[in-house]
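The values are calculated or read from the model by the stated rules, or taken from the named source; none is laboratory data. Everything quoted here is computed from the prediction, not taken from an experiment. Cβ placement follows ideal geometry from the backbone for every residue including glycine, while neighbour counts extend to all protein chains displayed. Just the protein is used for accessible areas: all its heavy atoms, side chains included, with ligands, DNA and RNA removed. Shrake-Rupley method; radii C 1.70, N 1.55, O 1.52, S 1.80 Å.
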Amino acid sequence: MTQPDHLESRNYWRDSHTERPYYNDLKRDLPDIDYDRDLSSAYEFGRNSRAEYGNDARFEDSENDLKSKWDHFKADSRLKWEHAKHAVKDAWDKI
């Protein structure tokens with residue numbers, strides 16, 4: 001993905017993350033959820049992982065591997081994999 005696509009993806013998720021079906025569950029469990037701190041790394045991880053695994057890869061087939069990598073990748077995100085995986089899959093599927 002080129003740099004402009006990366007910025008376009010980041011802007012897309014920043015603008016639409018509150019409309020995603022899992023957002024209310026995240027907000028309930030983490031009332032002060034913050035896009036930059038908590039969600040941006042999940043979307044970036046999903047986008048990068050899809051590029052790494054290839055366009056034909058299925059999220060479900062890669063989930064265990066992604067789960068094991070999340071704690072290393074998540075930076076300051078407070079999301080555990082059970083919550084982050086929905087955003088990761090969203091970004092994975094968007095490519």
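When the helices of the chain are scored as -39500 (n - 2.57) per DSSP H run of n ≥ 4 and the total is divided over every residue, the value at 222 nm lands at -21500 deg cm²/dmol.
Highest-first packing order for the peptide set 71-84, 53-66 is 71-84, 53-66, based on the mean count of other beta carbon atoms within 10 Å. The charge dipole of the chain, taken about its Cα centre with unit charges on the Cβ of Lys, Arg, Asp and Glu (plus for the first two, minus for the last two), comes to roughly 100 debye. For the chain, lysine pairs separated by 8 or more sequence positions, or belonging to different chains, with Cα-Cα distances below 13 Å total 6.
Mean separation of Cα pairs under 8 Å and 6 or more residues apart, divided by the residue count, gives the chain a relative contact order of 37 percent.
What a 1.4 Å probe finds exposed on the chain is 44% carbon and sulfur by accessible area, rounded to a whole percent. Solvent exposure of the stretch 18-95, expressed per residue, is 59 Å² of accessible area, with all protein chains present and a 1.4 angstrom probe. Just checking my list (i) 1.01; (ii) 1.07; (iii) 0.94 against Rg/Rh (Cα atoms, Kirkwood Rh) computed from this structure; which label fits? Structure-derived value, by its label: (iii).
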